[in-house]
């Protein structure tokens, strides 16, 4: 009989496979996550019964929130002055090769003057195709 004490082996946890799995999960969630441009801007769009489904085209998006702040393609304009909005829209249009249609996403509770100012500036910049975004009204039967 062998009564000598056995030498204990050090128990070792290998973390390399665990790190690989964590990185694979991270990459999976980064690839499958959808991003919404207007997720950080909370606006309440007005409703219309006969709104047309939005088309996937190259467009210039102007968002006006309920406090009258302007966002051009997701970037906030420094202030609400018409001159600042004019310069911001001119800068964005200069970066593009064509004159895209303008889609205005105005909150239902926004001051009407903010929308008129945006449309006036768009006209001064030569934008001829301007549309207003609305939410689809729920139909009651």
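Throughout, read-outs are computed from the coordinates displayed, never taken from laboratory work. Everything numeric here is computed off the predicted structure, so don't read it as measured data. Here Cβ is always computed from backbone atoms with ideal geometry, including for glycine, and neighbour counts include all displayed protein chains.
A few points about this structure:
- Each label was represented as a point 7 Å from its Cα along the Cα-to-Cβ direction; for residue 26 and residue 83 these points are 4.8 nm apart.
- Sorting 92-104, 7-19 by their mean Cβ neighbour count within 10 Å, with the most densely packed peptide first, gives 92-104, 7-19.
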